[in-house]
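Heads up: the structure comes next, in structure tokens.
The values are calculated or read from the model by the stated rules, or taken from the named source; none is laboratory data. Everything numeric here is computed off the predicted structure, so don't read it as measured data. Note: ideal-geometry Cβ built from the backbone for every residue, glycine included; neighbour counts use all protein chains shown. When the accessible area is computed, the model is the full protein with side chains, heavy atoms only, and any ligands, DNA or RNA have been set aside. Shrake-Rupley method; radii C 1.70, N 1.55, O 1.52, S 1.80 Å.
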Amino acid sequence: MNKTININLGGVFFHIDEIAYHKLKNYLDAIRRSLSDDPKGLDEIITDIESRIGELLSDKVKDVRQVVNENDINEVIDVMGKPEDYIVDEDVFTDDDSFYQKKRPKKLYRDGDDKFLGGVSSGMAHYLNVDVIWIRLAWLVAAFGFGFGFIAYIILWILLPEANTTAEKLEMMGEQVNISNIEKKIKDELSGASDRIKSGIDDVSEKVKSADYQKYTDKAKSGTQDLVSTLGKIFEAIFMIIGKFFGVLLVFISVVTIIALIISLFAVGSIDFIHEGWFNQNGAVFNNTGLPIWIVTLLTLILVGIPFFFLFMLGLRILSSSASRLGKTTRLSLFGIWLVVLLVAIFFGTKQIVYTAHDGYFNESKNITTLVPDTLHIKMVDNEKLSNYDNLRRRRSDYSLVYDENDKKKIYSNNVRLNILSTDGDQVFAKIRKRANGKSKEDARESASFIEYDFDLADNDIILDGYFLTDADNKFRKQGVYVDLYLPEDQVIYIDKSAKTFLYDVSNIQNLYDSDMVKHHYEMTEEGLNCIDCKSFEIESSDNNGAESFDMKINKEGVHIKIQDEGNEKAEVKIDETGITVESSKDSI
């Protein structure tokens, strides 16, 4: 019959028989003696070893009344290893030692020593054997790209335990939890801590020597110092979170921008190399630099991509202080490349801008007909063989490439404006002002002279082109055409609906908007066009259910306005030769 003894290992109580107790005690004493040559962190190493032994024994004890026997201790020693099996020295921890290369299955913990929020990413990085920055980037993609990252992170933060003990940290990294590994882990931690302590010990000594002890005694007597310290920690945490969030934004924006630039380079380069028709032709029309489109895209990638790459690296450094830094040679090389590309971009960009720096006009006048007693019809027409549009309308900045009847490449545009003015003579004529940009006034005027525009007179119809053409070799120079149609006084015209979008600030006695002038007859006067069939001008407006309404009528009798609001309140305003009259359901003026 053996005695039983109660012992405490790592905070856990066990019942152990006397033989097993002495064997365990001798084992621990032997470990302590094997570490005596280097007592650095000795107590902490012994404590972690005892905790690990306690964990192993807890796995064997299924009942609190169960007694640990000698066989249990032998099995624990087999797992932990005997002191004489190890040479407790730094030289033992080398890559050539096959014993330490033997890994055990990893366990997933949160790493509290390298955490941004809860240490989930660091723990997953140890478990998957990857750099922690890639795990954090994956969380960013999951959070901002798919939306479930925030919830998943919080769940793992709650469910995963944090690796606090040395044994748990070794399990997190897949290391054997034995005497040697525990000692090595603790020594590494103590070595790092000692360096930080040594670096600050001089400052501490100086502060201690020069300290005003009475002042600190007075502060200790009050709670002000604790309050200030607590508030400081709170603000420090807030600023840290803001800084990390800023780092997340930098990484996310930089990655998206760089990926977009790379995709654009490959897409544009591929299209340019295979000489895809539409892109190749239009690119040549708008590109004044003389460089191929793919080179322009490459310069843009370098000019924009390198700064965003530096922002990406800055974001990584903000998120993790352990992220690798670019070497000085790499930084200087990238900056040199960027500076050269910047100078090239400035040169060719200036060349692109210079070609449209000045505007110029080429004017010409053409007689159409003399005063006719019949009504002249003003129409705008399109060239159905060249136009790519279903309807004719003025398109101010829309240019396209077409091929004429001679199969020659032309620039096609509907940027035509029509104005109708009066003249003292009896001749109907048109002034055509062709406009273009260029690197000088002379160059712009020459470019404008190449614009092809025409009109025709058929019976009593003045047929104006609603488009113009110019050779594709002239390139895009913001070309446009202004048509000023001059009519003698008393000449009657009818403006066809085809001219609706081409009319530009046409003077008329009724002050009609340009878009409201079509489909009416006008007589030219000294003050401008006078509408002879605009008997009244009405505006009607109401909401969907008719609760509110606004009606306005303008004719030779004056102005008549009717208003009704949601409350069924009505009001009328009359303006005529007698004055202004306002009537409502409540009162009248």
Original post:
What order do you get for 349-360, 457-468 when each peptide is scored by the mean count of other beta carbon atoms within 10 Å, highest first?
Top reply: 457-468, 349-360
Subject >> Entries in Lys434/Lys497; Lys519/Lys562; Lys434/Lys478; Lys379/Lys434; Lys351/Lys441; Lys351/Lys431 that, when Cα-Cα distance is taken, lie over 22 Å >> reply: Lys434/Lys497; Lys519/Lys562; Lys351/Lys431
Original post:
How are the C-alpha pair distances of segment 387-431 spread across 10 Å bins, as whole percents from the shortest bin up?
Top reply: 20, 35, 25, 18, 2
Original post:
Taking amide hydrogens as modeled 1.01 Å from N in the peptide plane, which residues meet the under 5 Å criterion relative to Asn415, leaving out close sequence neighbours?
Top reply: Arg395, Phe468
Subject >> Sorted peptide list for 251-259, 391-399, criterion being average Cβ within 10 angstrom, highest first >> reply: 251-259, 391-399
Subject >> Long-range HN-HN contacts of Thr423 with modeled amide H, under 5 Å >> reply: Leu487, Glu489
Subject >> Other-chain or far-sequence residues with amide H under 5 Å of Gln510's (modelled H) >> reply: Cys531
Original post:
Just the accessible area for Val61, please: 1.4 Å probe, Å², rounded to the nearest 10?
Top reply: 30
**OP:** May I ask you to evaluate 6.51 cos²θ - 1.76 cosθ + 1.60, the Karplus curve with θ = phi - 60°, for each residue of segment 117-128 and list the ³J(HN,Hα) values in order in whole Hz, giving x for glycine and proline?
**Re:** 10, x, x, 5, 5, 5, x, 5, 5, 4, 5, 8
**OP:** Per residue of segment 106-116, in order, report the coupling 6.51 cos²θ - 1.76 cosθ + 1.60 (Karplus, θ = phi - 60°) as ³J(HN,Hα) in whole Hz, putting x for Gly and Pro.
**Re:** 6, 10, 7, 10, 8, 8, x, 7, 9, 10, 9
Original post:
Of the peptides 484-496, 336-348, how do they stack up when ordered by the mean number of other Cβ atoms within 10 Å, highest first?
Top reply: 484-496, 336-348
Subject >> ³J(HN,Hα) computed for each position of segment 310-317 - Karplus, 6.51 cos²θ - 1.76 cosθ + 1.60, integer Hz, glycine/proline x >> reply: 5, 5, 4, 5, 5, x, 5, 5
